[in-house]
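Accompanying notes for the structure given below.
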Amino acid sequence: MKSKILIILLLLTGTLAFSQNTILKGKKFKTAVTQSCAKTTTGGYMKYSYTQYEFGKDSVAMVFYFKRSDMPKEETHTQTYKYKVSKQVVLVMRQDKGVKSVDTLKFVSRGLVGKRYGNPIALAPVQ
């Protein structure tokens with residue numbers, strides 16, 4: 001009897017963990033656009049950037065967008081990381097240049113807030 005109850009509890013726990021990650025599956029969020037200027041010998045240019053998070057079943061693609069006012073084309077760079085949802089908190093497990101770290105994002109209203117690279121970020125849903 002105890003083993004049956006234990007098996008049922010394990011199945012329910014696995015189902016709950018799976019369903020928490022499916023909350024974000026297929027959803028996209030992005031940061032606000034940041035802007036700064038750079039000085040050159042001939043004047044200067046503006047730099048604009050933002051990051052879009054694209055959630056899959058168990059991984060998130062972080063698409064970094066970068067645009068300079070003196071260049072006609074926007075540049076993008078994508079990195080994919082594993083993530084999990086636990087108690088309304090999204091944990092993104094990153095590994096950059098051999099250094100492991102975890103970004104923590106919390107659900108608020110319709111978006112996410114937290115820290116990336118130790119800096120505060122806010123993510124709004126992409127329509």
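Values quoted throughout were computed directly from the atomic coordinates according to the rules given, and no laboratory measurement underlies them. Every value quoted in this text rests on a predicted model; they were computed, and no experiment measured them. Here Cβ is always computed from backbone atoms with ideal geometry, including for glycine, and neighbour counts include all displayed protein chains.
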Report every pair of residues separated by at least 6 positions or lying on different chains whose Cβ atoms are under 9 Å apart, first residue within region 66-89 and among the polar types (S, T, N, Q), second not in a strand (DSSP E or B).
80/56; 86/17; 86/20; 88/20
Sole residue being touching a helix residue (DSSP H, G or I) at 6+ places or on another chain (Cβ under 9 Å) and in a loop (DSSP other than H, G, I, E, B), chosen from 84, 57, 73:
57
Just to be sure before I move on: is residue 60 hydrophobic (A, V, I, L, M, F, W, C), touching a Leu at 6+ places or on another chain (Cβ under 6 Å) and surrounded by 14 or more Cβ atoms within 10 Å (Cβ to Cβ) in the structure I sent?
no
Residues in region 28-43 that are on the phi < 0 side of the Ramachandran plot and surrounded by fewer than 13 Cβ atoms within 10 Å (Cβ to Cβ) total 11
Working only within region 28-54, note down all residues that are out of contact with any Ser or Thr (no Cβ under 8 Å at 6 or more places or on another chain) and not in a strand (DSSP E or B).
32, 41, 42
